[in-house]
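Participant: Sharing a structure, written as structure tokens. Questions coming.
The values are calculated or read from the model by the stated rules, or taken from the named source; none is laboratory data. These figures come from a predicted structure and were not determined experimentally. With ideal geometry, Cβ positions are generated from the backbone for all residues, glycine too; neighbour counts draw on all protein chains shown.
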Amino acid sequence: MRALALALLAFPLLAQHGRYLSDSNNPAIGDPKAIAAGTKLFMGSCAGCHGPDGGGGARGPNLVRRSLWHPLSDDAIFQVIRKGVPGTDMPPTKLEDDQTWNLVAFIHSLTGPASTNPVPGNAAAGKDIFWGAKAGCANCHAIRGQGGRLAPDLSNVGGSRPLAVIRESILEPAKDLSYLGNETAVVELKNGKTITGVAKNRSNYSLQIVDAKGRLHLLQMADVKKLTISETTSMPTDFAKRLTRDELRDLLAYLAAQDIRLETAKGSK
């Protein structure tokens with residue numbers, strides 16, 4: 001699996017407890033029963049506009065991506081659900097307080113770090129998929145020092161990214177590619193040398209390229225004769241067919257468990 005984290009790196013790191021300005025102390029937040037109840041409410045009333053995983057629809061915005069650059073508190077989300085948003089397709093609701101908090105808990109679980117929320121699947125089986133030949137993730141990605149260097153390190157992917165973003169990065173790696181700044185690139189230098197790899201931290205003055213062997217090239221744009229940026233991702237786009245539903249679920253469970261803070265906590269015991 002190449003460049004899974006291209007889409008992940010499009011966003012800044014999340015705060016310790018997700019995208020929230022302040023998490024609520026309401027007991028529904030993080031409670032599996034409340035999240036399950038909120039899931040039913042979301043699927044029945046919200047998914048038609050916002051998509052079944054909060055990824056956006058014909059009428060409603062992408063709740064997961066939007067929250068990463070426009071953080072809200074749980075209490076603010078509660079008020080939006082209850083009062084709606086004037087001038088938009090978001091109507092007010094007549095849900096009871098506990099129902100509304102169940103819905104907030106579900107949205108919180110969608111947009112908080114994957115490692116902080118219940119994730120279905122067998123992480124041990126997902127580990128075999130990640131390091132195995134069928135998915136080939138380790139050819140390009142590393143976890144805790146093991147694996148490839150061409151694509152970003154995934155040691156903290158579960159501790160810094162929502163599950164929906166991780167899933168989208170696997171199934172739709174080319175989505176919003178122009179925003180990533182980590183596209184495949186071919187660089188022709190004025191000295192006649194050509195470098196092909198993944199472009200990182202591009203600016204008008206400098207460019208970083210990681211080639212197929214994982215070597216980092218630090219280049220000045222003044223030395224570049226021609227830069228060709230691919231309009232497609234180098235990551236395979238067939239994982240929906242390559243992996244079964246169970247294999248994808250297990251892979252997501254394994255990636256969701258990759259949290260540096262949790263590993264540090266285990267090591268300190």
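Participant: Taking the stated definitions as given, is PRO113 touching a Gly at 6+ places or on another chain (Cβ under 7 Å) and either surrounded by 15 or more Cβ atoms within 10 Å (Cβ to Cβ) or assigned by TED's automatic domain parsing to the domain that holds SER169 (or both)?
Facilitator: Spelling it out, PRO113 is indeed touching a Gly at 6+ places or on another chain (Cβ under 7 Å) and either surrounded by 15 or more Cβ atoms within 10 Å (Cβ to Cβ) or assigned by TED's automatic domain parsing to the domain that holds SER169 (or both).
Participant: Against the condition of a type in the set (S, T, N, Q) and part of a loop (DSSP other than H, G, I, E, B), how does SER155 come out, does it pass?
Facilitator: yes
Participant: I'd like the full set of residues that are closer than 18 Å to GLY197 by Cα, outside any strand (DSSP E or B) and among the basic types (Lys, Arg), limited to segment 214-244.
Facilitator: ARG215 - this is the single residue of segment 214-244 that is closer than 18 Å to GLY197 by Cα, outside any strand (DSSP E or B) and among the basic types (Lys, Arg).
Participant: To continue, here is another question. Of the residues PRO92, PRO120, PRO52, only one is part of a loop (DSSP other than H, G, I, E, B) and in contact (Cβ under 8 Å) with a residue 40 or more places away in the chain; which?
Facilitator: Answer to the selection: PRO120.
Participant: Sticking with this one: I'd like to verify a number: residues in segment 196-247 that are within 22 Å of ALA142 (Cα to Cα) and among the polar types (S, T, N, Q), how many?
Facilitator: Within segment 196-247, residues that are within 22 Å of ALA142 (Cα to Cα) and among the polar types (S, T, N, Q) number 6.
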